[in-house]
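Undergrad: Here's a structure for you.
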Amino acid sequence: MAKKQFKAESKRLLEMMINSIYTQKEIFLRELLSNASDAMDKIYYKALSDDQLVFNKEDYFIKISIDKSARTVTITDTGIGMSKEELDNNLGVIAKSGSLAFKSENEAQDGHNIIGQFGVGFYSAFMVADKLVVTSRALGSDEAYRWVSDGADGYVIESAEKATIGTEIVMHIKENTEDEQYDEYLEQYRLKAIVKKYSDFIRYPIKMDIASQQPKADSEGEFEEVVEEQVLNSMVPLWRRNKNELTDDDYNLFYMDKRYGFDKPLKHVHISADGAVVYNAILFLPENPPYDFYTKEYEKGLELYSNGVLIMEKCSDLLPDYFGFVKGMVDSEDLSLNISRELLQHDRQLKLIAKNIKNKIKSMLQSLLKDERESYEKFYASFGRQLKFGVYNDYGMNKGDLQDLLLFTSSKDKQLVTLAEYVERMPEDQKYIYYATGESVARIEKSPQLEVVLDKGYEVLYLTDDIDEFALKVIQSYNEKEFRSISSGDLGFDVNSSEDQEQAETEETKELFAGMQSLLDGKVKSVKASKRLKSHPVCLSSEGELSIEMEKILKGMPDANGVQADKVLEININHDVFRALQQAYSNDQEKFGLYTQLLYSQALLIEGLSIEDPVELSNNICRVMV
Ligand code: ADP
Ligand code: MG
């Protein structure tokens, strides 16, 4: 029998398979099982339009058998089979979808990327086998043929005997080498696990004879080996079942089984979409972030199935970054099994699904917020930061989706509030949404600028997360109410009496402040009478876009040279300290300089900024004491 050559392109792929250093060789089984399942589907669809053909579900199954001594694994199906020509055409050339994948990733010379996430079909069997024997009998034919290949140098097709319709593939498993173990593919438990992992939801039973030790009848303490045919796959995936028949426990078990997380999910949503794109999905909201969630190592993504067959463990294109915490899976009939990562990215169906899923997640969160506030707050403690990053990133493109999902601690009972809740209960005369920044709520509560806003009866949002103020800057305003820091120059209301105003306006006071300012040249932009301080003598505020809090955060980042907020030193002219300043100013310029430095240092410390020269501060305090 003359050996036929593989087509050039197929040969290259085949060589890559044979020599593959790829570690995930196990996917060969997924590929063969999905082909078997496709072959049975073909009969099923044919029967729909062919009265002569009856499809009895129980006749259709896949069987995996292992023969350790012969080093073979055999996969038999009762599908549509292949004629002689089909064996030649289908197994001699690489499948169409696969060849596309091949072309778009041909820069990956060792085939690493190609098999990484996607099937390359039938040839993947050569990753673990050095010889393949495919015996097949096509539907409606009495003849059977055998296709035999031991690698890249070709294949032969010859006549064969086969009693039933369908295909049998015998894989001769490679011998172990120094670097590679192939023996494991001859182990029942191993194949069983691979079936579970990738092919659990194939619609046809995947059977295997499983041997186990059972107590021997009639004789105590003795065991015998019993071989029993078992179905390895569960066939009907949870996501194809009717959600009305499923309980929370079912979903929680699925979450655990799938190892989406080790926590108990806060909420799930089960989607059966039947519109422009057909897919099933189950999405989970975890309660706790994975340990690596806020690191670069974390990989977002949903499992992606094509018609019940897992094609990708983490499809990142299905989730926007800001919903990267969501776990779960998507199954669509509209996706091909053999599709490369790059093609997938541009796949119209996938984009539609992703958009759809984004909206589902959004409404899942909205309803959690509305109906299960406690759970939402738990969720927010874990993942709120991610939402805020989402607002901030991409130039605020997604703020519309996200701003209503944000929570901030409010001065009112220190409860978490949404922006909507805040605005809803704003007094009529309140112009802005006020916020204060600091490391902790306790620290913010001590800030001198807070008093006057709270006394006015206004609520203040306490921002304790680095990202908070940046996120608010991106949102700009909510319901036409702008955000305003309590330490910004203009609070939007007057706190001074007209007497204060007069005193602040006197020539003497102006001169005094000018004197302080020149002493603090380069450090503060101006010194002025405070309109907000009540009991404290001094504070810092900022003019312009960059707040003091933002300066602090940016200074903690690399390449942040020169970021500086325009600081204003505010003095409480009703405080005794101001009296002392006045006296020093008229009588003792040295003392005036000393007081100025001290007040400035105090203001820095209150803001949580560092003092340039702590030794000088310490000396200054001593000078005042003695
Ligand atoms: P794909 O499944 O993407 O078409 P494969 O390389 O996996 O690519 O398979 C190539 C072709 O070989 C299939 O399209 C099918 O026509 C045929 N084939 C493979 N396995 C079987 C099988 N068990 N029964 C019938 N036909 C098969
Ligand atoms: Mg295939």
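Undergrad: Check F55, F28, F6, F61 and return the single one that is touching a residue at least 12 places away in the same chain (Cβ under 8 Å) and away from ligand 1 (no atom under 15 Å from the Cβ). Even if it seems obvious, please write down each step before you answer.
TA: Numbers: F28 fails: away from ligand 1 (no atom under 15 Å from the Cβ); F6 fails: away from ligand 1 (no atom under 15 Å from the Cβ); F61 fails: away from ligand 1 (no atom under 15 Å from the Cβ).
When all the criteria are applied, what remains is F55.
Undergrad: Restricting the search to the range 597-623, which residues are part of a loop (DSSP other than H, G, I, E, B) and either loosely packed, with under 13 Cβ neighbours inside 10 Å or in contact with a Pro (Cβ under 8 Å, 6 or more places away or on another chain) (or both)? Give the steps one after another, and end with the answer.
TA: Looking only at the range 597-623, we keep the residues that are part of a loop (DSSP other than H, G, I, E, B), and these are 607-613.
Hits for the range 597-623 are S610, E612, D613.
Undergrad: Here are some residues: N244, N233. Which one is free of Cβ contacts under 8 Å to residues at least 60 places away in the same chain and part of a helix (DSSP H, G or I)? Full working, then the answer.
TA: Values: N233 fails: part of a helix (DSSP H, G or I).
That would be N244, the only listed residue that is free of Cβ contacts under 8 Å to residues at least 60 places away in the same chain and part of a helix (DSSP H, G or I).
Undergrad: Can you tell me which residues in the range 64-95 are more than 40 Å from the chain's Cα centre (by Cα), among the acidic types (D, E) and within 13 Å of ligand 1 (Cβ to nearest atom)? Step through it out loud before you land on a result.
TA: Initially, the range 64-95 is screened for residues more than 40 Å from the chain's Cα centre (by Cα), giving 67-72, 78, 80-89, 92.
Adding the requirement that they be among the acidic types (D, E) leaves 67, 85-86, 88.
Within the range 64-95, E85, E86, D88 qualify.
Undergrad: Within the range 352-389, track down each residue that is within 16 Å of the chain's Cα centre (by Cα) and not in a helix (DSSP H, G or I).
TA: If the condition is that a residue be within 16 Å of the chain's Cα centre (by Cα) and not in a helix (DSSP H, G or I), then no residue fits.
Undergrad: Considering only residues that are modelled with pLDDT of 90 or more and among the β-branched types (V, I, T), look in the range 453-497 and name the one that is surrounded by the fewest Cβ atoms within 10 Å (Cβ to Cβ). Full working, then the answer.
TA: Going through the range 453-497, the residues modelled with pLDDT of 90 or more turn out to be 453-465, 467-486.
Right, trim to among the β-branched types (V, I, T) and you get 453, 460, 464, 467, 474-475, 486.
Numbers: V453: 24, V460: 25, T464: 16, I467: 19, V474: 18, I475: 19, I486: 26.
It comes out as T464.
Undergrad: Okay, moving on. Within the range 611-626, does at least one residue satisfy the condition of being in contact with a strand residue (DSSP E or B) (Cβ under 9 Å, 6 or more places away or on another chain) and among the small types (G, A, S)? Lay out the reasoning, then the answer.
TA: So in the range 611-626, the residues in contact with a strand residue (DSSP E or B) (Cβ under 9 Å, 6 or more places away or on another chain) come out as none.
No, the conditions are met nowhere in the range 611-626.
Undergrad: (1) surrounded by 19 or more Cβ atoms within 10 Å (Cβ to Cβ); (2) in a helix (DSSP H, G or I); (3) not acidic (D, E): which one isn't true of K528, the others all being true?
TA: Of everything listed in (1) surrounded by 19 or more Cβ atoms within 10 Å (Cβ to Cβ); (2) in a helix (DSSP H, G or I); (3) not acidic (D, E), K528 misses just condition (2).
Undergrad: Is at least one residue of the range 561-577 in a loop (DSSP other than H, G, I, E, B), crowded, with 17+ Cβ neighbours inside 10 Å, of a type in the set (A, V, I, L, M) and free of Cβ contacts under 8 Å to residues at least 40 places away in the same chain?
TA: yes
Undergrad: Of all residues in the range 498-521, how many are surrounded by fewer than 16 Cβ atoms within 10 Å (Cβ to Cβ), out of contact with any helix residue (DSSP H, G or I) (no Cβ under 9 Å at 6 or more places or on another chain) and modelled with pLDDT under 90?
TA: The total comes to 7.
Undergrad: Looking at the range 201-248, which of the residues that are farther than 16 Å from Q188 by Cα and β-branched (V, I, T) is surrounded by the most Cβ atoms within 10 Å (Cβ to Cβ)?
TA: Initially, the range 201-248 is screened for residues farther than 16 Å from Q188 by Cα, giving 201-205, 214-224, 234-248.
Checking the rest, the ones that are also β-branched (V, I, T) come to 202, 236, 247.
Working: I202: 25, V236: 12, T247: 8.
The qualifying residue surrounded by the most Cβ atoms within 10 Å (Cβ to Cβ) is I202.
Undergrad: While we're here: With respect to Q117, determine if the residue is under 25 Å from R203 (Cα atoms), at pLDDT below 95 and away from ligand 1 (no atom under 14 Å from the Cβ).
TA: Details: under 25 Å from R203 (Cα atoms): yes; at pLDDT below 95: yes; away from ligand 1 (no atom under 14 Å from the Cβ): yes.
So Q117 fits the description; yes.
Undergrad: Could you list, in sequence order, all residues of the range 150-192 that are over 21 Å from Y123 (Cα atoms) and polar (S, T, N, Q)?
TA: S159, T164, Q188
Undergrad: Given the criterion surrounded by fewer than 22 Cβ atoms within 10 Å (Cβ to Cβ), in the same structural domain as N252 (by TED's automatic domain parsing) and under 21 Å from P265 (Cα atoms), identify the matching residue among K362, K351.
TA: On the way: K351 fails: under 21 Å from P265 (Cα atoms).
After applying the criteria, what remains is K362.
Undergrad: Condition check: in the same structural domain as F61 (by TED's automatic domain parsing) and assigned to a loop (DSSP other than H, G, I, E, B). Does K46 satisfy that? Before you say what the answer is, go through the steps one by one.
TA: Numbers: in the same structural domain as F61 (by TED's automatic domain parsing): yes; assigned to a loop (DSSP other than H, G, I, E, B): no.
No.
Undergrad: Does N244 satisfy the criteria of being touching a helix residue (DSSP H, G or I) at 6+ places or on another chain (Cβ under 9 Å) and either over 30 Å from E143 (Cβ atoms) or in the same structural domain as T135 (by TED's automatic domain parsing) (or both)?
TA: Details: touching a helix residue (DSSP H, G or I) at 6+ places or on another chain (Cβ under 9 Å): no; either over 30 Å from E143 (Cβ atoms) or in the same structural domain as T135 (by TED's automatic domain parsing) (or both): yes.
No.
Undergrad: Among the listed residues Y123, Y60, identify the single one that is at pLDDT 95 or above, outside the structural domain of E313 (by TED's automatic domain parsing) and among the hydroxyl-bearing types (S, T, Y). Working first, answer last.
TA: On the way: Y123 fails: at pLDDT 95 or above.
The unique qualifying residue is Y60.
The values are calculated or read from the model by the stated rules, or taken from the named source; none is laboratory data. If you're wondering where the values come from, they're calculated on a predicted model, not measured in any experiment. Using ideal geometry, Cβ is built from the backbone for each residue, glycine included, and neighbour counts are taken over all protein chains shown.
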